[in-house]
Amino acid sequence: LRLLAMEKQINQLRREYMSKQANQFFDAMRLALELEEQVTAPSEKEKLTAKVVREFVIKLEAAQ
């Protein structure tokens, strides 16, 4: 009878562990999605432009 009670407690603890592990996985996925949205949101909201300024010219000549 004691052995049966211990096995029942072990199974209950195993279920709790698996449930917490699954919750942790889903929380990690949710946080990754939120981070991705926070990273991409500013670039989607603003129109980003780039200005290129030539500082110098490189000229290559073949040696003869």
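Computed with a 1.4 Å probe over protein heavy atoms only, the accessible surface of the chain comes to 113 Å² per residue. Surface composition of the chain: carbon and sulfur atoms hold 59% of the protein heavy-atom accessible area at a 1.4 Å probe.
Using 0.36 nm times the number of residues separating Asp27 and Leu13, minus their current alpha carbon distance, what extension gain do you get? All intermediate terms of the calculation are to be shown ahead of the outcome.
Details: separation 14, 0.36 × 14 = 5.04 nm, distance 2.08 nm.
Using 0.36 nm per residue and subtracting the Cα-Cα distance, I get 3.0 nm.
In the elastic network of the chain, a GNM with C-alpha springs shorter than 10 Å, the most mobile of Ala50, Ala41, Ala28 is Ala50.
In the list [x] 39, 35, 18; [y] 97, 42, 11; [z] 50, 23, 19, the label attached to Cα extents along the principal axes in Å as derived from the coordinates here is [y]. Converting phi to 3J(HN,Hα) with the Karplus coefficients 6.51, -1.76 and 1.60 and the offset θ = phi - 60°, the range 7-21 yields 5, 4, 5, 4, 5, 5, 5, 5, 5, 4, 4, 5, 5, 5, 5 Hz in sequence order, with x at every glycine or proline. Annotation for Glu37 and Lys51: the two label points, set 7 Å from Cα along the Cα-Cβ direction, are 3.5 nm apart.
The values are calculated or read from the model by the stated rules, or taken from the named source; none is laboratory data. Only a predicted model underlies this, so the values are computations on that prediction, with no experimental measurement involved. Here Cβ is always computed from backbone atoms with ideal geometry, including for glycine, and neighbour counts include all displayed protein chains. Ligands, DNA and RNA are stripped out before the accessible areas are found, and what is left, the full protein with its side chains, is counted by its heavy atoms. Shrake-Rupley method; radii C 1.70, N 1.55, O 1.52, S 1.80 Å.
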